[in-house]
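Here the structure is laid out as structure tokens; the discussion comes afterwards.
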Amino acid sequence: MVYKITLIPGDGIGPEVSEAARHCVDATGVKIDWEIAEAGADVIPKYGTPLPASTLASIRKNKVALKGPLTTPIGTGFRSVNVAIRKELDLYACLRPTRSYKGVRSRYENIDLVIVRENTEDLYAGIEFEEGKPETKTLISEIEKLSKKNIRPDSGLSIKPISVSGSKRIAKFAFEYAVRHQRKKVTAISKANIMKFTDGLFFSATREVAKDYEGKIEYEERLIDNMCMQLVQKPELYDVLCLPNLYGDILSDLCAGLIGGLGIAPGANLGEGIAVFEAIHGSAPKYAGQNKVNPTAMILSAVLMLDYLGENDAARRLDNAVAAVIAAGKDVTYDLKPDRNDPTAVGTSQMADAIIAAL
Ligand code: NAD
């Protein structure tokens, strides 16, 4: 069988890490016909948008994409392309497994956490009102009338919608993931004591879904501030974490920090029958074109993709090859060396070659 998959190389370090991941996937023997699709700030002059319709059409058609990071252009009037792809394709679940790899310097060992982040709602919905604009003033006075609370007239507003259906959908995803991957517990996280009608709603929805899994998967709730401390002090107590969009974003980076940084943290954005796989890290523009950065996060995102395709044997082989190269510590990029200036550090493509050799 040949899979047709959309490949968005991205910009900044995107093309280098995407190329590395593509070579590794091809070397597993899984047959993939890659359809290259463009996106990002660089294509604005050509298409008038950083997200051409043809790119979205390619993902919709192929149902699976591997995507390099994309820079969010500042001051062009365009919002994040990454957020736009998630919204356009209703990729409502962001999955970020966070596992320790032997050989990566970190303060922690044996971390094995899975973040399930809601991807379409919350303060990330992009419903914002700029300070001083007439519509912002109208909204402020309307809110003051309805809530009997004052808002400073020089305020900007960001709206935080969280729905019952959206919260139940992400909770179900988290529990189903837990069942399929033999995990034991789902922890729902929010700030329900303060934001009762959004975060409180999130908890009541996840609690409702948890009832369907009683006896199979344990369920608990934590407040986000407490959770940050708990993860730093006792990460071994946690398993699958289910969060609304913003908290999920922040905790993903915290968890990446627990395993030694963004260079090795993979991710997936999933909807109904459609999936886009990408590293957590961004386009790190200052390293662009230097064949320097770590390709691991992108390669591990491709491992998630292989699992999604049902190519579990290839996924395990690639994951083991990555683990072996990192553990050996020789053919790794600068960030995985004890000293960042270590002259024996290899480049992005050389690390990918070493992983291919270890397959
Ligand atoms: P970043 O993740 O691009 O880089 C931050 C730092 O992390 C880098 O300077 C580098 O030191 C380190 N780093 C990142 N990836 C690495 C790798 N593979 N190997 C080794 N070190 C690595 O974050 P940023 O600088 O905040 O964002 C740059 C751009 O990327 C922004 O425009 C941002 O909007 C965008 N971004 C895109 C995505 C995405 O495409 N999904 C995600 C996050 C940020």
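Readers should treat all values here as calculations from the given coordinates under stated rules, not as data from a laboratory. As the structure is a prediction and not an experimental result, all values here were calculated from the model. Cβ: placed from backbone, ideal geometry, glycine included. Neighbour counts: every protein chain shown.
Footprinting exposure proxy ranking of L237, L306, fewest other C-beta atoms within 10 angstrom first, gives L237, L306.
Among the trypsin sites (Lys or Arg not before Pro) found in region 65-108, those both in a DSSP coil and sparsely packed, with 14 or fewer other Cβ atoms within 10 Å of their Cβ, are K102, R105, R107. The share of C-alpha pairs in region 26-113 whose separation exceeds 23 Å stands at 44 percent. Backbone amide hydrogens, once placed in the peptide plane, bring Y3 within less than 5 Å of K31, I32, D33, excluding anything fewer than 5 places away on its chain. Coupling constants for region 253-270 follow from the phi torsions by the Karplus curve (6.51 cos²θ - 1.76 cosθ + 1.60, θ = phi - 60°), and in residue order they are 5, 4, 5, 4, x, 5, 9, x, x, 5, x, 10, 9, x, x, 9, 10, 10 Hz; glycine and proline get x.
Given region 118-254, what whole percent of its Cα pairs are spread farther than 28 Å? Tail of the P(r) past 28 Å holds 27 percent of the pairs.
Each residue of region 301-312 was assigned a 3J(HN,Hα) from its phi angle through the Karplus expression (A = 6.51, B = -1.76, C = 1.60, θ = phi - 60°), giving 5, 5, 5, 4, 5, 4, 4, 4, 6, x, 8, 5 Hz with x at Gly and Pro.
Close amide H partners of T98, meaning residues 5 or more places away or on another chain with modelled amide H under 5 Å apart, are L113, V114, I115. For region 122-161, a simple Cβ point-charge model (Lys and Arg +1, Asp and Glu -1, everything else neutral) yields a dipole of about 240 debye relative to the Cα centre. Projected onto their three principal axes, the Cα atoms of region 295-359 cover extents of 40, 17, 17 Å, largest first. Straight-distance candidates among the lysines for linking to K137, with alpha-carbon spacing under 30 Å and chain neighbours fewer than 8 residues away dropped: K87, K145, K148, K149, K160, K191, K196.
Computed over the chain, the P(r) tail beyond 25 angstrom holds 56 percent of alpha carbon pairs.
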